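Presented below is the structure to which this report refers.
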Amino acid sequence: MRTVYPLPLPMPNRLRTTLRSIAARLLPSACALCGAAAADGLCGGCEAQFFRRRPTRCARCANLLPHQGGGAVCGACLKAPPAFDATWVAADYVPPVDQLVLALKFGHSLALAPLLARQLHMMLPPSVDLPQMLLPVPLALGRLAERGFNQSLEIARHLSRLLAIPFEPRLAIRTRETATQSLLPLPARRDNVRRAFTLDGAVIGRIRGQHVGLVDDVMTTGETLNELAAVCKRFGAARVTNLVFARALP
Ligand SMILES: [Zn+2]
Ligand SMILES: [Zn+2]
């Protein structure tokens with residue numbers, strides 16, 4: 001007799017229910033977090049509560065710093081400077097902000113991409129040293145086929161419009177599939193992304209001497225962005241700034 005095994009659920013039920021309720025709220029005039037009336041996807045209350053806080057962060061990696069003072073750099077970045085020069089984030093990757101990322105990524109709520117880009121844009125101070133081009137962190141072809149879209153590319157596309165900076169969706173290439181960083185222990189993350197990226201040979205000259213902006217949805221340890229920034233620098237980028245929607249707390 002043939003045994004029939006049930007298909008594994010793609011995600012826990014609780015997460016699926018949350019994503020569904022967020023998706024249900026994604027009416028053009030409803031807040032994605034609380035469902036209240038909102039003209040552009042987020043009500044004033046949620047925006048004030050979750051996005052207008054400006055804690056002191058490391059200028060280089062955006063980790064939270066205990067003390068006040070702009071431009072400060074954390075101990076980890078002083079000890080081992082990353083390949084990127086600066087990081088800007090819209091919020092910490094904590095509930096309920098994380099649900100926006102999960103709904104975009106796994107709930108296929110593409111309507112959230114402009115909202116995430118807008119929050120990131122609003123967090124940039126007027127004095128910010130803006131990059132000259134935006135590169136979304138690429139997905140490997142397998143994962144892109146599975147998901148159907150790259151969430152970082154969707155955020156970068158909208159951010160490019162808001163900042164009036166050219167968008168280079170095909171310049172960076174992921175050369176191999178890597179394990180999901182958040183599922184790996186910290187020491188394994190650097191090895192996981194090592195040599196995972198390259199740049200498109202046909203357009204490589206475009207990066208020389210440029211200030212490059214790398215766009216991603218979430219930054220955890222920063223190893224992925226560090227690896228891609230190192231590749232950009234190797235090909236002559238003068239400066240690399242990360243523009244990331246949410247920063248996971250260490
Ligand atoms: Zn709300
Ligand atoms: Zn730092």
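Exactly one condition in (1) more than 27 Å from Pro250 (Cα to Cα); (2) more than 14 Å from ligand 1 (Cβ to nearest atom); (3) modelled with pLDDT of 90 or more is not met by Ala36; state its number.
(2)
Got a number for residues in the stretch 211-247 being crowded, with 18+ Cβ neighbours inside 10 Å, at pLDDT 95 or above and assigned to a loop (DSSP other than H, G, I, E, B)?
The qualifying residues number 1.
For the stretch 69-104: of the residues being in a loop (DSSP other than H, G, I, E, B) and touching a residue at least 40 places away in the same chain (Cβ under 8 Å), which is surrounded by the most Cβ atoms within 10 Å (Cβ to Cβ)?
Phe84
Does Arg174 meet the test of being under 25 Å from Leu120 (Cα atoms), of a type outside the set (S, T, N, Q) and under 18 Å from the mean Cα position of the chain (by Cα)?
Yes; evaluated as a whole, the condition is true for this residue.
With the requirement that a residue be hydrophobic (A, V, I, L, M, F, W, C) and without any contact (Cβ under 8 Å) to a residue 12 or more places away in the chain, what does the stretch 153-188 give you?
Those that are hydrophobic (A, V, I, L, M, F, W, C) and without any contact (Cβ under 8 Å) to a residue 12 or more places away in the chain: Ala164, Leu183, Leu184, Ala188.
Quickly run through the stretch 39-68 and pick out the residues that are surrounded by 17 or more Cβ atoms within 10 Å (Cβ to Cβ), free of Cβ contacts under 8 Å to residues at least 40 places away in the same chain and more than 9 Å from ligand 1 (Cβ to nearest atom).
Of everything in the stretch 39-68, those that are surrounded by 17 or more Cβ atoms within 10 Å (Cβ to Cβ), free of Cβ contacts under 8 Å to residues at least 40 places away in the same chain and more than 9 Å from ligand 1 (Cβ to nearest atom) turn out to be Cys58, Ala59, Arg60.
Restricting the search to the stretch 155-186, which residues are assigned to a helix (DSSP H, G or I), among the small types (Gly, Ala, Ser) and at pLDDT below 90?
Ser182
Which ones in the stretch 126-152 are surrounded by 14 or more Cβ atoms within 10 Å (Cβ to Cβ), in a helix (DSSP H, G or I) and free of Cβ contacts under 8 Å to residues at least 24 places away in the same chain?
Within the stretch 126-152, Leu144 is the sole residue that qualifies.
The values are calculated or read from the model by the stated rules, or taken from the named source; none is laboratory data. Just so we're clear, the structure is a prediction, and the values are computed from it rather than from any experiment. When we count neighbours, we look across all protein chains shown, and the Cβ atoms used for this are built from the backbone with ideal geometry, even at glycine.
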